[in-house]
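Chemist: I'd like to ask some things about the structure below.
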Amino acid sequence: MSLRPDLDVVAAMVHDGRRVLDLGCGDGALLAHLINDRGCDGTGVEISDEGFHACVARGVPVMVADIDQGLSEVEDDAYDVVILSQTLQATHRPALVLQEMMRVGKVGIVSFPNFAHWRLRWSLAVRGRMPASRSLPYHWYDTPNIHLCSIRDFETLLAHDDLRTIRRVLLDERGRPVGDARRRRPNLLAAGAVYMVGRATP
Amino acid sequence: MLESGAALGPVEVAYETYGTLNADRTNAVYVCHALTGDAHAAGHHGDPDRRGWWDNIIGPGRPVDTDRFFVVCANLLGGCQGTTGPSSTDPATGRPYGLSFPLVTVRDLVEVHRALLAHLGITHLAGAIGGSLGGMQVLQWVIDHPGEISAAMVICSSSRLSAQNIAFSAVAREAIMRDPDFQGGDYYGTDRAPDTGLSIARMMAHITYLSEESMREKFGRRLQHGDAPRFDFSVDFQVESYLQHQGESFLKRFDANTYLYMTRVMDYFDAFADPAAVGATLEGTSTKFLIISFDSDWRFDTEHSREIVRQLQSWRVPVTFREIASPWGHDSFLLEIPEYHRTVGAFLARTADDLAI
């Protein structure tokens, strides 16, 4: 079974056999891949009933929790890698979620849509409409994405929280890694990004 | 030989089974009962009104599906429903054990379960499930014999009691032991028994099994007779009548000494007390856990379950965890709550698929 392209990018950042926690794991597709094909120990955290039952049906360990309330089920440093894939922008308290992520895991992998992508800027600046795109396919009134940010915004938050970027992969609108041409102006040209982050002072 | 070092024997075990053991003997699910349960978990023995205590979860097409699994449930060691306990005859004296029955532990309960399975020719369990004290047995089982169970389901349980939990147990035991008819536990055959103490213990425990919300809904401040209070000390409120009924009907089926032993089993239980030993066995086990709590349970609230989750995760044990919304308190585990049953059913079904049952 093939993964969504952006999940492939995330999966490629995880070494075989690691302990992985996936926050907002949805139906557990990424974890199923990491557990079954890559020898990882994986657990998901999911808030929806559908997501929970999809994980149980796949045999993926999953905990129902609201990550906005913190992760009281998980001890400090319990995981090697904590994944936050297309989830940060849907949380109520992104700064807290990022902190919790770096509390329970040694390394974090965060993927998110870049709200400063030129197409979104165009939609707002020229058309006067709230942007919608392949990676943000909702209307303003029904979107779960309440805390959108740009690549530059995200890097500012990392600096503020004393976190360092270990790796960064820029994505196009289909979630595939982008070519060199766009890398010079990532905040304008990348539709999304995947960051691997660690604590600045280990 | 018990964990305490005391010897006990011979041990008789009362058990029931439901469904059919497959040719490979791979489809067994063990049901561990709680403080006052017994081996009669499902079905009935001729009277359809007297169905087993967990009949809503065990049966054909039910979450613990007897069309697919062979289900075993036994009365616990120290019990009073057929398995050797303080009311059984001590072969050394020819008289009931009473308080000379040795203190048992959750580990001892599990070893008796395993001896029963050996007798049935079963060496691996597709699943084990239990609520409350039942969940403690499932947890201890996996810690002592990792990999012996594929799906370990621990419902509204605890890895160790809080001071408040122990305090409730202590008061219950005091009620029994201070009853003048207790006679140091040697009340068998004296036509006196600590019925007052045992029913008070049961009444108090029952309050802790319900939530405030469910009691308010079920009884409120409604009176037994008419609208006017009697202004005396008789049973006037409906909740009083209910508790009295619970206390009295309990006497017909339960032995006071067993109540002492079983509450003590829970007090001393501390599953993760020795991290080095636990880690040596648990790390990398193939057993998958399902931990469930109920949001209105204050006897073993969700924090007890979270502690189990944290501990198991720290030993890299796969854990699925969920708090289920239910207004019925600790008793929820015995009730047919759709999301709860759906979760147990799906977890077991997935395990069965993995085992090609």
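The values are calculated or read from the model by the stated rules, or taken from the named source; none is laboratory data. It should be emphasised that the depicted structure is a prediction, and the values quoted were computed from it without experimental measurement. Neighbour counts are summed over all protein chains in view; Cβ atoms, including those assigned to glycine, are modelled from backbone coordinates with ideal geometry.
Chemist: When only residues in the stretch B:19-63 that are among the β-branched types (Val, Ile, Thr) and closer than 24 Å to B:Thr83 by Cα count, which is surrounded by the most Cβ atoms within 10 Å (Cβ to Cβ)?
Modeler: By that ranking, first place goes to B:Val31.
Chemist: Here is a further query. Tell me the residue from B:Gly189, B:Gly220, B:Gly197, B:Gly185 that is among the small types (Gly, Ala, Ser), in contact with a Gly (Cβ under 6 Å, 6 or more places away or on another chain) and not assigned by TED's automatic domain parsing to the domain that holds B:Arg95, please.
Modeler: After applying the criteria, what remains is B:Gly185.
Chemist: Kindly provide the set of residues from the stretch B:332-347 that are in contact (Cβ under 8 Å) with a residue 40 or more places away in the chain and touching a His at 6+ places or on another chain (Cβ under 9 Å), ordered by number.
Modeler: Answer for the stretch B:332-347, where residues must be in contact (Cβ under 8 Å) with a residue 40 or more places away in the chain and touching a His at 6+ places or on another chain (Cβ under 9 Å): B:Arg342, B:Thr343.
Chemist: May I pose another question? So in the stretch A:45-64, with the set limited to residues that are closer than 12 Å to B:Val319 by Cα and facing another protein chain (nearest Cβ under 7 Å), which one is surrounded by the most Cβ atoms within 10 Å (Cβ to Cβ)?
Modeler: A:Val62
Chemist: Does B:His119 satisfy the criteria of being in a helix (DSSP H, G or I) and without any contact (Cβ under 8 Å) to a residue 12 or more places away in the chain?
Modeler: So B:His119 passes the test.
Chemist: Moving on. Within the stretch A:26-44, track down each residue that is within 12 Å of chain B (Cβ to nearest Cβ), crowded, with 24+ Cβ neighbours inside 10 Å and not hydroxyl-bearing (Ser, Thr, Tyr).
Modeler: The answer is A:Gly28, A:Leu31, A:Gly42, A:Gly44.
Chemist: Just a yes or no: is a residue in the stretch B:185-199 modelled with pLDDT of 95 or more, closer than 21 Å to B:His33 by Cα and surrounded by 23 or more Cβ atoms within 10 Å (Cβ to Cβ)?
Modeler: Yes, there is a match, as at least one residue in the stretch B:185-199 is modelled with pLDDT of 95 or more, closer than 21 Å to B:His33 by Cα and surrounded by 23 or more Cβ atoms within 10 Å (Cβ to Cβ).
Chemist: Is it the case that the stretch B:42-60 has a residue that's outside any loop (DSSP other than H, G, I, E, B) and within 28 Å of B:Phe300 (Cα to Cα)?
Modeler: yes
Chemist: Out of everything in the stretch B:313-323 that is buried (at least 20 other Cβ atoms within 10 Å of the Cβ) and either in a loop (DSSP other than H, G, I, E, B) or modelled with pLDDT under 95 (or both), what residue ends up being farthest from the other protein chains (Cβ to nearest Cβ)?
Modeler: Among them, the one singled out is B:Val317.
Chemist: Here is a further query. Just give me the residues in the stretch A:65-100 being of a type in the set (A, V, I, L, M), within 12 Å of chain B (Cβ to nearest Cβ) and within 18 Å of the chain's Cα centre (by Cα), in sequence order.
Modeler: Correct list: A:Ala65, A:Leu71.
Chemist: Next up: State all residues of the stretch B:180-199 that are in contact (Cβ under 8 Å) with a residue 24 or more places away in the chain and closer than 20 Å to B:Gln246 by Cβ; if no residue qualifies, say none.
Modeler: The answer is B:Ala193, B:Pro194, B:Asp195, B:Gly197, B:Leu198, B:Ser199.
Chemist: Considering only residues that are touching a strand residue (DSSP E or B) at 6+ places or on another chain (Cβ under 9 Å) and acidic (Asp, Glu), which ones fall in the stretch B:116-163?
Modeler: B:Glu148
Chemist: When the stretch B:172-184 is examined, which residues are found to be surrounded by 13 or more Cβ atoms within 10 Å (Cβ to Cβ) and not aromatic (Phe, Trp, Tyr)?
Modeler: Scanning the stretch B:172-184 gives B:Ala172, B:Arg173, B:Glu174, B:Ala175, B:Ile176, B:Met177, B:Asp179, B:Asp181, B:Gln183.
Chemist: Answer yes or no as to whether B:Leu334 is under 19 Å from B:Val154 (Cβ atoms), in contact with an Asp or Glu (Cβ under 8 Å, 6 or more places away or on another chain) and either away from every other protein chain (no Cβ under 14 Å) or modelled with pLDDT of 95 or more (or both).
Modeler: no
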